[in-house]
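Engineer: Encoded as structure tokens, here's the structure I'll be asking about.
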Amino acid sequence: IPTLVVIDELGELPNLELAQMLRGKLGKRADAKLVVVSSAGEPGSDFERVLAEVRAGATNTQRDGRHSRYASGSTVVHEWRLRPGEDVTDWSLLKSANPLSSVTEESLRDKYESPLTDPIRFSRYTGGLSEYSGDHLIRADVWDAAKLDPDEYLGVADRVVLGVDFAQ
């Protein structure tokens, strides 16, 4: 059982099972720490749900510009991010959410203007905003909520018809 575990980009994992297992194991070692470094996760993900719970349940909250610190018991979250609705192309504002000295307004602009940059991923990874683009036809949470058990419906009808209208 280690005394220090660092997980980079926990928000990219499909769930929090690894972090939950490690958190349980680390309690067996005095002064053991679990450190997570991550940009925003997919909207509606376990990571974003737990992060919202930490923010809401914090017994001590401090804010300074785009940095927030949430603490409760042995859990402490430091967060640098834009607020929802803020412009990720306001380079000065975006820089304030990226405290690393090698990140500059110019480097942020260059990164954004690269043909390899996806604007939504840029918002998530650089601005700390968990959001979908307008390109999704159906939000993932709506699609997942509509899931049916196929065993219930097999043999109920001779055919299944699905109609989709993509017109705007």
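Engineer: Find the accessible area per residue for the stretch 1-131; the probe is 1.4 Å, ligands and nucleic acids are left out, and the unit is Å².
Structural biologist: Dividing the accessible area of the stretch 1-131 by its residue count gives 62 Å².
Engineer: Calculate the radius of gyration of the Cα atoms of the stretch 1-116 to one decimal place, then report Dmax, the largest Cα-Cα distance, as a whole number, both in Å.
Structural biologist: Final numbers for Rg and Dmax: 16.2, 48 Å.
Engineer: Straight-line reach from residue 95: which lysines have Cα under 18 Å away, leaving out those fewer than 8 places along the same chain?
Structural biologist: 111
Engineer: Please report, as a whole percent, how much of the solvent-accessible surface of the stretch 34-97 comes from carbon and sulfur atoms (probe radius 1.4 Å).
Structural biologist: In the stretch 34-97, the share of accessible area belonging to carbon and sulfur is 50 percent.
Engineer: I would also like to ask the following. Lysines near residue 33 by alpha-carbon distance under 20 Å, same-chain residues fewer than 8 away left out - which ones?
Structural biologist: 25
Engineer: Can you give the local net charge around residue 93? Use residues other than it whose beta-carbon is closer than 12 angstrom to its beta-carbon, Lys and Arg +1, Asp and Glu -1.
Structural biologist: Taking every Cβ under 12 Å from that of residue 93, the sum is 0.
Engineer: What does the highest-first list of 120-126, 90-96 look like by mean Cβ count within 10 Å?
Structural biologist: Descending packing order for the listed peptides: 120-126, 90-96.
Engineer: So what J values fall out for the stretch 38-50 if you push phi through Karplus, 6.51 cos²θ - 1.76 cosθ + 1.60 with θ = phi - 60°, rounded to Hz, Gly and Pro as x?
Structural biologist: Coupling constants for the stretch 38-50: 7, 7, 4, x, 5, x, x, 6, 3, 4, 5, 5, 5 Hz.
Engineer: Pop out the ³J(HN,Hα) list for the stretch 56-70 in order, Karplus 6.51 cos²θ - 1.76 cosθ + 1.60 with θ = phi - 60°, rounded to Hz; leave Gly and Pro as x.
Structural biologist: Coupling constants for the stretch 56-70: 5, x, 4, 8, 9, 10, 10, 10, 8, x, 9, 9, 10, 10, 10 Hz.
Engineer: Now, a different point. Which whole-Hz couplings ³J(HN,Hα) result when phi for each residue of the stretch 100-110 is put into the Karplus expression 6.51 cos²θ - 1.76 cosθ + 1.60, θ = phi - 60°, listed in order with x for Gly and Pro?
Structural biologist: Along the stretch 100-110, the couplings run 4, 5, 6, 8, 10, 4, 5, 5, 5, 4, 4 Hz.
Engineer: May I pose another question? Give me, ordered by chain and number, the residues 5 or more places off residue 72 or on other chains with an amide H under 5 Å from its own placed amide H.
Structural biologist: 59
The values are calculated or read from the model by the stated rules, or taken from the named source; none is laboratory data. Small disclaimer: the values here were computed from a predicted structure and weren't measured. Cβ: placed from backbone, ideal geometry, glycine included. Neighbour counts: every protein chain shown. These accessible areas exclude ligands, DNA and RNA; they are computed on the full protein's heavy atoms, side chains included. Shrake-Rupley method; radii C 1.70, N 1.55, O 1.52, S 1.80 Å.
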